[in-house]
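Engineer: Pasting a structure here, questions to come.
The values are calculated or read from the model by the stated rules, or taken from the named source; none is laboratory data. Since we're looking at a predicted model, the values are computed, not measured. Cβ: placed from backbone, ideal geometry, glycine included. Neighbour counts: every protein chain shown. SASA here: full protein model, heavy atoms, side chains in, ligands and nucleic acids out. Shrake-Rupley method; radii C 1.70, N 1.55, O 1.52, S 1.80 Å.
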Amino acid sequence: MVKPHLSFGRKGLGRTARRLTAQESPVLFAPKTWAFWRNNIMCFCLNNVLGHCLESLYCKIMDKCFGLIDDDYAIKFDPWYHPYWVYGLGGEAMTFIFEPIKARILRRHKSLPGAMLETYAIAVLAAMGMELGFGLLVNQPDEDGNYPYWDNSKLPLNIFKQAWLVNDLVIGAVAVAHIWLGYPLVCKAMGRLSERAANAVFAVTVGAFATACVSSYRRLIKDGRL
């Protein structure tokens, strides 16, 4: 039997995304199964670190274009493996928002681009809500008006001085990639393993993530930043 292959041109990505959704749909949203939670815990661990790396790149671009990043901003000092929890939580939020409805979105549109465009619009609104919610919870300014994590208060298109529409448009694009490609690919890769091998990969991933947490927080404490 010829196994389906993954193609990564523009049309190939579309075919791959559609095929992954069809092939992996039994485990993409199956909260009563261990495989579902195993895949999501792994994605949570990976997204915390990948999100940090993407934010580092994004901040470099924003700083070069708009001069937005302060010299003492945490992204410039945190070790690259330090988890940025908002991305792990955000990725899981997107999974739980979209996976129950993704098949219906796909059926509603004649083409995959249309389904992805609808996903993008919803993701931008969800990102805006999450950015605003996290900001109101953990990013309140101190008595001198300094924000601990980000300061969007003076930017045009900011939402209640916490969320920023430009951020949300970028986060929406990352969310679409996660929903249509990243998460299904993890599920596909894990599904090809035996149960014992999948559990071993899970244990290694969680162990590596725990090590990264301990190492990064020890370093931050040693540097007097926590």
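Engineer: Run the helix sum for the chain: -39,500 (n - 2.57) per DSSP H stretch of 4+ residues, divided by residue count, reported at 222 nm to the nearest 500 deg cm²/dmol.
Structural biologist: Numbers: 8 runs with 150 residues, N = 226.
It comes out at -22500 deg cm²/dmol, rounded to the nearest 500.
Engineer: Could you tell me which helices of the chain pass both thresholds, a Cα extent of 15 Å or more along their own axis and a mean Kyte-Doolittle hydropathy of at least 0.5, with helices taken as whole DSSP H runs?
Structural biologist: Membrane-span-like by this rule: 85-98, 112-138, 165-177, 195-222.
Engineer: Moving on. For the charge dipole of segment 92-175, defined by +1 on Lys and Arg C-beta atoms and -1 on Asp and Glu C-beta atoms about the Cα centroid, which residue among 141, 112, 170 has the Cα displaced farthest towards the positive pole?
Structural biologist: 112
Engineer: Right, here's the next one. Hand me the chymotrypsin sites (Phe, Trp or Tyr not before Pro) from segment 22-99 located in a DSSP loop with no more than 11 other Cβ atoms within 10 Å, in residue order please. Mind dumping the intermediate values first?
Structural biologist: Working: sites: 29, 34, 36, 37, 44, 58, 66, 73, 77, 80, 81, 84, 85, 87, 96, 98; in loops: 29, 73, 77, 80, 81, 84.
For chymotrypsin sites (Phe, Trp or Tyr not before Pro) across segment 22-99 that sit outside H, G, I, E and B with at most 11 neighbouring Cβ atoms in 10 Å, the list reads 80.
Engineer: For the chain, give the percent of accessible area contributed by carbon and sulfur heavy atoms, probe 1.4 Å, rounded to a whole number.
Structural biologist: Working: 8830 of 13290 Å².
Here carbon and sulfur together make up 66 percent of the probe-accessible area.
Engineer: Just how far, in whole angstrom, is segment 109-128 from segment 187-214 if you go by their alpha carbon centroids?
Structural biologist: Measuring centre to centre over Cα atoms gives 30 Å.
Engineer: Give, rounded to the nearest 20 debye, the magnitude of the charge dipole that the chain has about its Cα centre when Lys and Arg contribute +1 at Cβ and Asp and Glu contribute -1 at Cβ.
Structural biologist: 1600 debye
Engineer: Something else about it: Count neighbours as other Cβ atoms within 10 Å of each site's Cβ, and list the chymotrypsin sites (Phe, Trp or Tyr not before Pro) in segment 153-226 that are DSSP loop with at most 14 such neighbours. Write down the numbers at each step before the final one.
Structural biologist: On the way: sites: 160, 164, 180, 202, 209, 217; in loops: 160.
Within segment 153-226, the qualifying chymotrypsin sites (Phe, Trp or Tyr not before Pro) (loop, at most 14 other Cβ atoms within 10 Å) are 160.
Engineer: Any idea what diffusion coefficient segment 159-214 gets from Stokes-Einstein, in µm²/s, Kirkwood Rh on alpha carbon pairs, 10 °C, 1.306 mPa s? Could the numbers behind the result be given before it?
Structural biologist: Values: Rh = 14.0 Å.
Rounded to a whole number, D works out at 114 µm²/s.
Engineer: Over segment 98-198, give the accessible area per residue in Å² for a 1.4 Å probe, as an integer. Before the final figure, lay out each step's value.
Structural biologist: Values: 5570 Å² over 101 residues.
Spelled out: the 1.4 Å probe surface of segment 98-198, per residue, equals 55 Å².
Engineer: Test of understanding: what is the full-extension gain from residue 201 to residue 136, defined as 0.36 nm times their sequence separation minus their Cα-Cα distance?
Structural biologist: 19.7 nm
Engineer: Quick check: residue separation of residue 153 and residue 121 times 0.36 nm, minus the Cα distance between them. What number comes out in nm?
Structural biologist: Details: separation 32, 0.36 × 32 = 11.52 nm, distance 2.38 nm.
Extra length available between residue 153 and residue 121 comes to 9.1 nm.
Engineer: Something else about it: For a 24 Å ceiling on Cα separation, which of these pairs sit above it: 154/222; 60/161; 32/110; 76/222; 102/161? Present the calculation step by step, with values, prior to reporting the outcome.
Structural biologist: Details: 154/222 33 Å; 60/161 21 Å; 32/110 31 Å; 76/222 16 Å; 102/161 32 Å.
Over 24 Å apart, Cα to Cα: 154/222; 32/110; 102/161.
Engineer: Of the labelled options [x] 7, 28, 34, 22, 8, 1, 0; [y] 7, 31, 39, 19, 3, 0; [z] 8, 32, 34, 18, 7, 1, 0, which one gives P(r) over Cα pairs in 10 Å bins from 0, in percent as computed for this structure?
Structural biologist: For P(r) over Cα pairs in 10 Å bins from 0, in percent, the calculated option is [x].
Engineer: Provide the gained length on full extension for the span residue 74 to residue 194, in nm with one decimal, where the gain is 0.36 nm per separating residue minus the Cα-Cα distance.
Structural biologist: Values: separation 120, 0.36 × 120 = 43.20 nm, distance 4.08 nm.
Residue separation times 0.36 nm, minus the Cα-Cα distance, leaves 39.1 nm.
Engineer: I'd like to know which of 98, 56, 220 lies farthest towards the positive end of the charge dipole of the chain, counting +1 on Cβ of Lys and Arg and -1 on Cβ of Asp and Glu.
Structural biologist: With unit charges placed on the Cβ atoms, the residue in question is 98.
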